[in-house]
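A short write-up of the structure that comes next.
Just so it is clear, none of the values below were taken in a lab; they were calculated from the coordinates. The structure presented is a predicted model; accordingly, all values stated were derived computationally and were not measured. Here the Cβ positions follow ideal geometry from the backbone for every residue, glycine too, while neighbour counts run over all protein chains shown.
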């Protein structure tokens, strides 16, 4: 009990002193109340500002189409190469990359992306058909 009382009498004043000391700004710091007020005002101003969508960059679509074509060619070359080391793992990894690029392309083209199991060929085919219907080619 005496240890707790002794520690309490030593720690409590140190905590109070530390709290009071933290209220005073340093030489280079702004007062905390001023920084908090500025942050709150900036938050309110951000809510009032009009947010315009950034202009669409058509080269983003071209980059995704180019990457889709390269990954599709890579998957086809892996499927034709019968003597490739760790062929199945490479095909699976390449198909996952292809699926991620398809999702990115669908988001760019406005195609609805559904949650599906990774590597689902039916969903991959649906996405490819939807993209082709919107004029995408790779």
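Give, to the nearest whole percent, the P(r) tail of the stretch 58-133 beyond 19 angstrom, counting all Cα pairs. It would help to have the intermediate numbers written out before the result.
On the way: 1041 of 2850 pairs.
Counting pairs separated by more than 19 Å, the tail of P(r) holds 37 percent.
Any idea what the relative contact order of the stretch 91-138 is, in percent, if you count C-alpha pairs under 8 Å spaced at least 6 apart?
Values: 25 pairs, mean separation 18.9, N = 48.
Computed over the stretch 91-138, the figure is 39 percent.
Ratio to report: Rg/Rh of the chain, with Cα atoms as the point set and Rh obtained by the Kirkwood method; give two decimals.
Across the chain, the Cα-based Rg/Rh ratio is 1.39.
Measure nothing but the geometry: give the 0 to 90° angle between the long axis through the Cα atoms of 58-80 and the longest principal axis through the Cα atoms of the chain, rounded to 10°.
60 degrees
Tell me, what is the percent relative contact order of the chain, built from C-alpha pairs under 8 Å that lie six or more residues apart? Write down the numbers at each step before the final one.
Details: 59 pairs, mean separation 26.2, N = 138.
That works out to 19 percent.
Please compute the modelled spin-label separation between residue 28 and residue 132, points set 7 Å along Cα→Cβ, answer in nm with one decimal.
With each label placed 7 Å out from Cα toward Cβ, I get 6.2 nm.
Going highest first, how would you order 35-41, 122-128 by mean Cβ packing within 10 Å? Could the numbers behind the result be given before it?
Values: 35-41: 10.6, 122-128: 15.6.
Answer by packing, highest mean first, reads 122-128, 35-41.
Per residue of the chain, what 222 nm ellipticity follows from adding -39500 (n - 2.57) for every DSSP H run with n ≥ 4, rounded to the nearest 500? Numbers along the way, then the final one.
Working: 5 runs with 98 residues, N = 138.
It lands at -24500 deg cm²/dmol.
Fully extended, how many nm does the chain gain between residue 92 and residue 1 (0.36 nm per residue separation, minus their Cα-Cα distance)? Before the final figure, lay out the partial values.
On the way: separation 91, 0.36 × 91 = 32.76 nm, distance 6.58 nm.
Computed gain between residue 92 and residue 1 is 26.2 nm.
Which distance in nm do the two modelled labels at residue 82 and residue 40 give, with both placed 7 Å along the Cα-to-Cβ direction?
Going by the 7 Å Cα→Cβ label model, 7.5 nm.
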